[in-house]
There are 2 protein chains.
Amino acid sequence: MDIKQSPVSATDEFKRRIFFALSEPGRYKIVRMLYRVGHEMGCSELNRHVEIDKSTMSYHLRTLREIGLVTTRTQGREKFVQLNVDRINAVLPGLLASL
Amino acid sequence: MDIKQSPVSATDEFKRRIFFALSEPGRYKIVRMLYRVGHEMGCSELNRHVEIDKSTMSYHLRTLREIGLVTTRTQGREKFVQLNVDRINAVLPGLLASL
DNA sequence: TTTATAGTTGGGAATGTTTCAAACAATTGA
DNA sequence: TCAATTGTTTGAAACATTCCCAACTATAAA
């Protein structure tokens, strides 16, 4: 039960990044929104629901993408954002449901 | 399903702060350690397990205390840190178990 | 009283995060 | 082609966080 012998693994790292992502109000709202609607949303649709400057939104979505919480699909000039529910549930089961 | 109609409540705020707390490696380790051992630990005992400068440790423990994840009890010149398991499970059930 | 131990606090440097304006690229429709 | 729409990027300002040194308080032991 020594913490030095249970270092932060890659999975722990992923968990920590998920926590980091969810520690910011805007990203918290985005993630919860995506989970609740249960399907992908266009960025503009998200922007209509969450009052965030579009470049700030873009920044947050990039953060979520880099951490691996969302995946983006481009269609025409729209981008659709999808929550990686399974991937999150694999390391932190039930977390999304309790947001 | 409008996010503006489901603002971040006090509970959401608490959740967000828990995420913030766990997004830092040192605090993540401290919390996991406390959860795994299942009982309170003295600061010096924690210090022996987690390699953190004592003032940094004090800073992190204060943060955890202010957010409400731990409670501290003083006995003599020692301080015992206890994880508020029930309080955390009340808002994010199963989270601690998946750290 | 003196010394050692446990932990906190203040200060400051280094670093990281968030926000927005402005400029940009890409696609669509007139 | 020209204009509108979607979203990204860059850069800078403002702000927050983390870390460690040094000084401090308080308790316990010698």
> Among all residue pairs at least 6 apart or on different chains, which show Cβ distances below 7 Å where the first residue, located in segment B:31-58, is farther than 18 Å from B:R73 by Cβ and the second is assigned to a loop (DSSP other than H, G, I, E, B)?
Replying inline: B:R32/B:L99; B:R36/A:M1; B:H49/A:D2
>> I'd like the residue in segment A:7-20 that is free of Cβ contacts under 8 Å to residues at least 60 places away in the same chain and more than 10 Å from chain B (Cβ to nearest Cβ) and, out of all such residues, is most open to solvent (accessible area, probe 1.4 Å).
In response: A:A10
> Going through segment A:21-39 one residue at a time, which ones are open to solvent by 30 Å² or more (accessible area, probe 1.4 Å) and within 11 Å of DNA strand D (Cβ to nearest atom)?
Replying inline: A:E24
> Any residue at all in segment B:81-90 that is closer than 16 Å to A:F19 by Cα, touching a residue at least 24 places away in the same chain (Cβ under 8 Å) and either more than 11 Å from chain A (Cβ to nearest Cβ) or not small (G, A, S) (or both)?
Replying inline: yes
> From the residues in segment A:48-71 that are farther than 29 Å from A:V91 by Cβ and within 6 Å of DNA strand D (Cβ to nearest atom), which one is least open to solvent (accessible area, probe 1.4 Å)?
Replying inline: A:S55
>> Tell me the residue from B:S55, B:S23 that is over 22 Å from A:E13 (Cβ atoms) and of a type in the set (S, T, Y), please.
In response: B:S55
>> Against the condition near DNA strand C (Cβ under 10 Å from one of its atoms), buried (at least 16 other Cβ atoms within 10 Å of the Cβ), modelled with pLDDT of 95 or more and within 19 Å of A:K15 (Cα to Cα), how does B:F80 come out, does it pass?
In response: no
> Here are some residues: A:S98, A:S44. Which one is of a type in the set (S, T, Y) and within 11 Å of chain B (Cβ to nearest Cβ)?
Replying inline: A:S98
>> Being among the polar types (S, T, N, Q) and open to solvent by less than 70 Å² (accessible area, probe 1.4 Å) is the requirement here; does B:T74 meet it?
In response: no
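The values are calculated or read from the model by the stated rules, or taken from the named source; none is laboratory data. Values in this document were obtained by computation on a predicted structure and should not be read as measured data. Here the Cβ is made from the backbone with ideal geometry for all residues, glycine too, and neighbour counts use every protein chain on show. Surface accessibility is based on the protein's heavy atoms, side chains included, excluding ligands, DNA and RNA. Shrake-Rupley method; radii C 1.70, N 1.55, O 1.52, S 1.80 Å.
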